[in-house]
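Comments concern the structure below.
The values are calculated or read from the model by the stated rules, or taken from the named source; none is laboratory data. Bear in mind that the values here come from a model prediction, so they are computed numbers and not experimental data. Neighbour counts are summed over all protein chains in view; Cβ atoms, including those assigned to glycine, are modelled from backbone coordinates with ideal geometry. Side chains are part of the model used for accessible areas, which takes the heavy atoms of the whole protein and leaves out ligands, DNA and RNA. Shrake-Rupley method; radii C 1.70, N 1.55, O 1.52, S 1.80 Å.
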Amino acid sequence: MSKKILVTGATGNTGAYLVEKLLASGHAVKAASRSGRPVAGAEVARFDLTESSTYPAAFEDVDRAFLIIPAGRLNNVEFLEPFIRFAADRQVKIVFQTAYGVENDPTSPYRRAELVLERAGAPFTILRPNWFSDNFHTFWLPAIRHGIIAVPAGDSKSSFVDTRDIADSAFAALTSSRFDGRGFTLTGPEALGYAEAAAILAKAIGRPVEYDPVSDTQFIAILTGAGMPEDYAAHLAELFAMARKGWTSAVTDDVQELTGKPARSLAVYAADNRAKFLG
Ligand SMILES: NC(=O)c1ccc[n+]([C@@H]2O[C@H](COP(=O)([O-])OP(=O)(O)OC[C@H]3O[C@@H](n4cnc5c(N)ncnc54)[C@H](OP(=O)(O)O)[C@@H]3O)[C@@H](O)[C@H]2O)c1
């Protein structure tokens, strides 16, 4: 008989929607967060990836886990490895959310963590999403409320993916063994430039939004001014440098393969999240 599914990052973009979806389908869920905040219908685990003393209770009666790397820090392997080994020792399957393209860069901290998982000896599935559509109502929201998307993307295109599609993909990988041992690149259905994205958002919101292709230096100053650590802001700027080289424009069918449904477009994302831009 199946046991519980541990969801790390249960208060985050992907995790919150994943918990809802698992509960709605009748799965027993352990929603993990550092605060141990109650989540209706789920058992709650007070959990911190950096504190291995929180692992035993979080893993009790669990046979599958969704693992995300918390945004904002870069020393991933150091604190993900103990988690992965703890899970593997108990043959807990891990569905691991990393990031688009990291499989091509063995020096990436995300790829290094993937390799620890691939070699750990327990079942796994890796999900590598492209830039989230949801960044428009999280990271880029303050500028968008002033009618601007200010990122150093040049005239590059990206196949933005809706975090609901990432959660739906994680749901599929957690509730079936068909996808075990594989990595999937999660993208939206089309590659768009930021000027095109601005036009789509403007239409949905009913207010002007324009794209300002700022320099890396301006971008880092904006993010650190809003409180982001400088090393993480510089990391995001590096990701945009990759976008400018054309590396984020691929479109895959992986969401469709995992979920049986086509990925949501940016227009659908914008319409469904309209209220968040107006707030
Ligand atoms: N944004 C993008 O475009 C994009 C694209 C590709 C990949 N990614 C990757 O996706 C990940 C972020 O996913 P997301 O946006 O769904 O997450 P998120 O909304 O940023 O949520 C992060 C979660 O991590 C939890 N957390 C923070 N520190 C923790 C710790 N020490 N131990 C355990 N949990 C901790 C937080 O919960 P509590 O504070 O409640 O514990 C929060 O729920 C990052 O690895 C990022 O690189 C992002």
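Descriptive notes on the structure:
- A simple rule links phi to the HN-Hα coupling: the Karplus curve 6.51 cos²θ - 1.76 cosθ + 1.60 with θ = phi - 60°, which for the stretch 197-208 gives 4, 4, 5, 5, 5, 4, 4, 5, 7, x, 9, x Hz, with x for Gly and Pro.
- Annotation: the antiparallel percentage among DSSP beta bridges lying fully within the chain is about 5.
- Scanning residues 5 or more positions from LYS3 or on other chains, those with amide H under 5 Å from its amide H are ASP63, with H placed 1.01 Å from N in the peptide plane.
- Cα-centred dipole magnitude for the chain, charges only on beta-carbon of K, R (+1) and D, E (-1), debye, nearest 20: 560
- Positive-pole candidate from THR54, GLY227, ILE68, dipole of the chain, charges at beta carbon: THR54
- Taking every protein chain into account, the accessible area of the stretch 1-82 amounts to 47 square angstrom per residue (probe 1.4 Å).
- Tilt relative to the chain, helix 13-24 - C-alpha long axis, 0 to 90 degrees, to 10: 50
- Probe 1.4 Å, protein heavy atoms only - accessible area per residue of the stretch 95-151 in square angstrom: 37
- ³J(HN,Hα), Karplus 6.51/-1.76/1.60, whole Hz, each residue of the stretch 218-226, x for Gly, Pro: 4, 4, 5, 5, 5, 5, 5, x, 8
- Packing-based ranking, highest mean first, of 5-17, 239-251 given that Cβ atoms within 10 Å are counted: 5-17, 239-251
- Computed E for ARG244/VAL44 - FRET, C-beta separation, R0 45 angstrom, nearest 0.05: 0.60
- Hull-based mean projected area of the chain, where the convex hull spans the alpha carbons, in square nanometres: 13.9
- Amide H contacts of TYR211 (H built 1.01 Å from N, under 5 Å, at least 5 apart or other chain): ILE149
- Cα→Cβ-extended label distance, 7 Å offset, between GLU60 and ASP216, nm: 4.9
- For the set LYS203/LYS276; LYS157/LYS276; LYS21/LYS276; LYS157/LYS245, the pairs lying more than 19 angstrom apart at their alpha carbons are LYS157/LYS276; LYS21/LYS276.
- Gap separating the Cα centres of the stretch 87-116 and the stretch 212-274, nearest whole Å: 20
- Among the protein heavy atoms of the chain, carbon and sulfur supply 52% of the accessible surface, probe 1.4 Å, non-protein parts ignored.
- HN-Hα J in Hz across the stretch 40-49 - Karplus 6.51, -1.76, 1.60, θ = phi - 60°, x for Gly and Pro: 4, x, 10, 6, 10, 10, 7, 9, 9, 4
- Taken over the stretch 4-122, the alpha-carbon convex hull comes to 100 cubic angstrom per residue.
- The stretch 128-195: radius of gyration and largest Cα-Cα distance (Dmax), Å: 14.6, 46
- Charged-residue dipole, Cβ positions (Lys, Arg, Asp, Glu), the stretch 4-122 about Cα centre, Debye nearest 20: 160
- Computed over the stretch 39-181: relative contact order in percent, which uses C-alpha pairs under 8 Å that are six or more apart: 21
- Estimated at 0.36 nm per residue, the fully extended path between GLU51 and GLU118 surpasses their Cα-Cα distance by 21.8 nm.
- Dipole of the stretch 79-189, positive end: most advanced residue of ASN104, GLY147, HIS137 [Cβ charges, Cα centre]: ASN104
- Length released on extending from ASN75 to ASP105, taking residue separation times 0.36 nm less the Cα-Cα span: 9.2 nm
- Estimated purely from DSSP H runs of n ≥ 4, each contributing -39500 (n - 2.57), the mean residue ellipticity at 222 nm for the chain is -11500 deg cm²/dmol once divided by its residues.
- For ALA153, distant residues with modelled amide H under 5 Å away: VAL214
- Relative contact order %, the stretch 4-122, counting alpha carbon pairs below 8 Å whose residues are six or more apart: 21
- Contact order relative to length of the stretch 170-279, as percent, for alpha carbon pairs under 8 angstrom and 6 or more apart: 43
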